[in-house]
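Here the structure is laid out as structure tokens; the discussion comes afterwards.
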Amino acid sequence: MIDIHNHILPGLDDGAKDMPEALAMAEMAASDGITHIVCTPHAFPDVYFPELERVREAFGAFKASLAETRIPMDLFLGHDIHLVPETLDWLKSGRVLTLNGGRYCLVEPPEFFSPAELESILFVLRREGYRPIITHPERYAAFLDAPGLVDRLAEQGNFMQVTAGALRGRFGRPAQAFCRRMARRRLIHLVASDAHSPRRRHPGLRKAFLVLREWAGDEDANTIMENAAAVLEDRDIAPFPPRDERTWLQRLSDRLFNRGGRRGRGDG
Ligand SMILES: [Fe+2]
């Protein structure tokens, strides 16, 4: 399995605090079946925004330390990028990194945001050729309060990454229910650990995929797993048309009463 969102690099943000902790996280990830990790430290101004040189040094040091162990793990680099109007400048100037140097970039909306502004920032990123992956929508009140927003953002060509722990209920019932709705409507493109330490946001994906299989079926769960490889190799993610959950009776009634061919947004 491939983990595309992980704060495993030591000493850069609120993730691994030192090398022993980072190695412990890698060991946990490996024993869970993870073979590839994209290391994605925060790029969050005034909070955690280390110079790129420091990020590259930490990456090199971690790679060297890992090579001295028997932990089998391929490492790649990227950023978990705070999503604000300046994000595009940071990307274009090389101040922040896309995932493994491709077009996909991991973007984290601010805690409070205006949907219109979010959509316009994402529009500009896509227009410039980037492929935004929105991190953990299930952990924002703004998304939970307006479920149709996730549908709309996905329709516009943004990708959604949910946290493995959220599928297992680690972020509470509402976040888990939101993930379930997303899974059933085919709005989850990627699952990642967002691991911060051996304890906080556990570095593991296996259990999350078992939950996903239960909710969305084997085929969709496998597609979501394969999407991580597409991101790593900068390939297209397979089209994932939203699933229409209406019964035949609802579909007939929608047609008779001319309510269009799709279910309204946010009513799933
Ligand atoms: Fe993160």
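Rule-based calculations on the coordinates, nothing more; no lab input. For clarity, every value in this text was computed on a predicted model and none was experimentally measured. Positions of Cβ are backbone-derived with ideal geometry, glycine not excepted, and every protein chain shown enters the neighbour counts.
Look at the Cα gyration tensor of region 57-183: its axes a ≥ b ≥ c give a/c of at least 1.5 with a/b at or below b/c, and that counts as oblate. Mean separation of Cα pairs under 8 Å and 6 or more residues apart, divided by the residue count, gives the chain a relative contact order of 19 percent. Scanning the chain for GluC sites (Glu not before Pro) lying in DSSP loops with no more than 16 further Cβ atoms inside 10 Å, the longest uninterrupted stretch between such sites is 129-232. Take every Cα pair under 8 Å whose residues are at least 6 apart in sequence, average their separation, divide by the length of region 147-223, and the relative contact order is 29 percent. Shape call for region 26-99 from the C-alpha gyration tensor, a ≥ b ≥ c root eigenvalues: rounded (a/c under 1.5), prolate (a/b greater than b/c) or oblate? In terms of gyration-tensor shape, prolate. Only one residue of Leu144, Tyr104, His196 has its Cα farthest out toward the positive end of the dipole of the chain, where Lys and Arg carry +1 and Asp and Glu -1 on Cβ, and that residue is Leu144.
Placing +1 on the Cβ of every Lys and Arg and -1 on the Cβ of every Asp and Glu, with no other charges, gives the chain a dipole of roughly 1140 debye about its Cα centre.
Annotation: the antiparallel percentage among DSSP beta bridges lying fully within the chain is about 5.
Karplus-based coupling profile of region 192-197, in residue order and whole Hz: 9, 7, 6, 5, 10, 6, with θ = phi - 60° in 6.51 cos²θ - 1.76 cosθ + 1.60 and x standing for Gly or Pro. Straight-line cross-link partners of Lys92 among the lysines, defined as a Cα under 16 Å from its Cα and at least 8 positions apart when in the same chain, are absent. Name the shape class, rounded, prolate or oblate, that the alpha-carbon gyration tensor gives for the chain, where a ≥ b ≥ c are the square roots of its eigenvalues, rounded holds for a/c under 1.5, and otherwise prolate holds if a/b is larger than b/c and oblate otherwise. Prolate shape, in that a/c is at least 1.5 and a/b is the bigger ratio. Here r is the Cβ-Cβ distance between Ala238 and Ser31 and R0 is 30 Å; the resulting FRET efficiency, rounded to 0.05, is 0.55. By the rule of a C-alpha distance below 30 Å, with chain neighbours fewer than 8 residues away ignored, the lysines paired with Lys207 are Lys17, Lys63.
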